[in-house]
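J.: Attaching a single structure in structure tokens format; questions to follow.
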Amino acid sequence: MSIETELQEFIAAEVVVDAAAEGVLVDEPLVRSGRVDSMGLLQILGFIQQHYGVDLASTGEPSDFETVTSLAAAIRRSRGEV
Amino acid sequence: METLLDLIERGAVHAGAEKVAVRAGERGERSLTYGRLLEGARSIAGRLGRAGVGRGDRVGVWMEKSPATVQAILGILYAGAAYVPLDPRSPWRRCRTIAMDCGMSSLIVDALSLPSLPDLLDGWSPRLVLVDTGSEEARGALASQALRVPVETLAAAAAAAPDRQAARPSPEDLAYLLYTSGSTGTPKGVVHTHRSGTAFTRWVLERFAIRSDDIFSSHAPFHFDLSISDLYAALGAGATIHLIGTTEAMLAPYLVRKVPEWGITVWYSVPSILVAMLDRGGLERTGFGRVRILFFAGEVFPTPQLRRLRRALPGVGLYNLFGPTETNVCTYYEVPPDIPDDTTAPIPIGRACEHLETFVFDEDGQEVGEGVEGTLWARGGNLMQGYWNDHERTAASLQPDPRGRPGLAYCTGDHVKLLASGDYQFLGRRDHMIKTRGYRVELGEIESALTAHPDVLEAVVVPLPDPQLGNRLVASIVPRTGRQPSPGELRGFCTERLPLYMVPEQLEVLLAFPRTSTGKADRQALAHSWTTKEGV
């Protein structure tokens, strides 16, 4: 399963308050749309740390948190895959 | 008397047209100089004026924070109207409720709001909608929407010829309406005039000797009253504002890295983000760059965490600013150079701001002095004009001065006690005072006991209605990073410090608290979660 799919599944199942039937799209603005709040952001950071060993809380820039796509790119960058 | 615009124009003369007034972005790359900010604002005012917007009208601002948003706000003030900042992350239905409540005449939005516009405008016809489109793509999306109301881009309005005939507002005109969540669930609009906004801003400028070389952070969203100081004290001094965006505002380690880079000298936020910067951001290791003044407000700062902050920033002026949106700040307290290790009680809220008067009345309607509990009242230039369209609520809050002096005073609903030092101690909100097992209990006192535990970062106590006991007490806590105190251990810790009836029956340990859009711990969400769990 790709990082994007794993993130999508986690966010749709555990984070978004209004989990719509279509789930979370890869390019959907997470925070700016109001679907992810500060607590949700911490949940996502915790998931990323646990599953990918990446501490985005300390190294990430705000642009990394915009969408599932940008989160996945930040994880790959931190793991030296890009 | 003067208006907020008089104040800003004086700051602009001091700063010079080429100085950056407002900026945003990771490197401050999006910016407006004083010259461009005010020129564009006057043009926006001209466009609003040609659409029929004028003195006393209310214009909504549903935008993320950006230099264009500040320009839009000033444009509304130049048109003589009042701005109504709407939470950019709130759903369109809430915006619509507010628009209907205040009879909003026009609206300024950004590209993010475009998909919601057809719903928001269904059956509502504002005189003009201005859209900060930002990109070609968004302009295309706007053009493709068949809206029945006049819609134009904000950029075109900001580039148009300013209307030289526009009537400037007077000090008594409305300047802004801030909607706060009412206890009934319906938002209530707190109305402030130029007079009250200016009175508060002048106090900040003078009391804290704000300088034109200061750089203000703007951490709070514009619908939160902390933004009033960020915007008008900064611009009134000819200083620079650095806007912190929604996502940036949540990332504590990022902020600890960036505040020194941005050269911030005046910081203002709720305690929550400062606690996160201490706990997860490493603020104690790195310091806070050039920050010389640090204001906090909106919540009680857990004393052990404030002690860490005090010791981490020895040369910085730390100030607890206190007051509801209705008065903006009414008292303030300068945190002393050290907070002893054995202090666990919250710090005082201090004394009245110099341009205000405060006093305390007890439940029997008697004015009380040192050492006696009562409700805090305030009067003076900062007071709101009232609640929009709610005379009953206004009359209940703004009352004839109970001491019999001419004029109105505001009953804050906050329980306080005057200390021998001349400072007020905050004892809690009247609506946080509950009865359990026949005792009157202040939830904040229990929260202070919990945050005194070395593993606890933050605590919220929730009362659950109970037919036998009045209320049962439960608590949610967030531990410090890497700590995992057990609920049993925490109850034991409370038992040593509180009477048994104040010890929470149940405790839960959370990764983080849900937050309101203003960054405070969301007590309603926590209560709802407990109620759901309990099946009450």
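The values are calculated or read from the model by the stated rules, or taken from the named source; none is laboratory data. For clarity, every value in this text was computed on a predicted model and none was experimentally measured. Cβ placement follows ideal geometry from the backbone for every residue including glycine, while neighbour counts extend to all protein chains displayed. For accessibility, only protein heavy atoms count, side chains too; no ligands or nucleic acids. Shrake-Rupley method; radii C 1.70, N 1.55, O 1.52, S 1.80 Å.
J.: Hey, could you check region B:382-415 for residues that are open to solvent by less than 30 Å² (accessible area, probe 1.4 Å) and small (Gly, Ala, Ser) and say which is farthest from B:Thr331 (Cα to Cα)?
T.: Among them, the one singled out is B:Gly386.
J.: Next question. Just to be sure, is B:Ile215 surrounded by fewer than 23 Cβ atoms within 10 Å (Cβ to Cβ) and in contact with a Phe, Trp or Tyr (Cβ under 8 Å, 6 or more places away or on another chain)?
T.: Criteria met by B:Ile215.
J.: Here is a follow-up. Would you be able to tell me the number of residues in region A:64-82 that are within 12 Å of another protein chain (Cβ to nearest Cβ) and open to solvent by 50 Å² or more (accessible area, probe 1.4 Å)?
T.: So in region A:64-82, the residues within 12 Å of another protein chain (Cβ to nearest Cβ) come out as A:64-67, A:70-71.
Remaining after also requiring open to solvent by 50 Å² or more (accessible area, probe 1.4 Å): A:66.
Matching residues across region A:64-82 total 1.
J.: Which one of these is over 23 Å from B:Pro115 (Cα atoms), of a type in the set (Asp, Glu), at pLDDT 90 or above and open to solvent by 40 Å² or more (accessible area, probe 1.4 Å): A:Glu6, A:Glu61, A:Glu14?
T.: The match here is A:Glu6.
J.: Which one of these is under 30 Å from A:Glu28 (Cα atoms), assigned to a loop (DSSP other than H, G, I, E, B) and among the hydroxyl-bearing types (Ser, Thr, Tyr): B:Ser31, B:Ser90?
T.: B:Ser90
J.: While we're looking at this one, here's another question. Residues in region B:255-266: is at least one open to solvent by 10 Å² or more (accessible area, probe 1.4 Å) and more than 14 Å from chain A (Cβ to nearest Cβ)?
T.: Yes: region B:255-266 contains one or more residues that are open to solvent by 10 Å² or more (accessible area, probe 1.4 Å) and more than 14 Å from chain A (Cβ to nearest Cβ).
J.: With respect to B:Val372, determine if the residue is open to solvent by 40 Å² or more (accessible area, probe 1.4 Å), of a type in the set (Val, Ile, Thr) and in contact with a strand residue (DSSP E or B) (Cβ under 7 Å, 6 or more places away or on another chain). Spell out the reasoning first.
T.: Numbers: open to solvent by 40 Å² or more (accessible area, probe 1.4 Å): yes; of a type in the set (Val, Ile, Thr): yes; in contact with a strand residue (DSSP E or B) (Cβ under 7 Å, 6 or more places away or on another chain): yes.
Criteria met by B:Val372.
J.: Okay, moving on. Looking only at region B:1-39, which residues are open to solvent by less than 30 Å² (accessible area, probe 1.4 Å) and out of contact with any helix residue (DSSP H, G or I) (no Cβ under 9 Å at 6 or more places or on another chain)?
T.: Scanning region B:1-39 gives a single hit, B:Gly25.
J.: Now, a different point. Of A:Gln49, A:Gln43, which residue is open to solvent by 70 Å² or more (accessible area, probe 1.4 Å), within 13 Å of chain B (Cβ to nearest Cβ) and either in a helix (DSSP H, G or I) or over 28 Å from B:Leu86 (Cα atoms) (or both)?
T.: A:Gln49
J.: Additional query: Would you mind finding the one in B:Glu363, B:Glu326, B:Glu354, B:Glu370 that is in a loop (DSSP other than H, G, I, E, B), under 20 Å from the mean Cα position of the chain (by Cα) and charged (D, E, K, R)?
T.: B:Glu326
J.: While we're on this one: Does B:Ala45 qualify as being crowded, with 21+ Cβ neighbours inside 10 Å and either over 25 Å from the mean Cα position of the chain (by Cα) or closer than 22 Å to B:His194 by Cβ (or both)?
T.: Against the criterion (crowded, with 21+ Cβ neighbours inside 10 Å and either over 25 Å from the mean Cα position of the chain (by Cα) or closer than 22 Å to B:His194 by Cβ (or both)), B:Ala45 qualifies.
J.: Which residue, of B:Leu205, B:Leu231, B:Leu177, is in contact with a Gly (Cβ under 8 Å, 6 or more places away or on another chain) and in a helix (DSSP H, G or I)?
T.: Result: B:Leu205 is the single residue among B:Leu205, B:Leu231, B:Leu177 that is in contact with a Gly (Cβ under 8 Å, 6 or more places away or on another chain) and in a helix (DSSP H, G or I).
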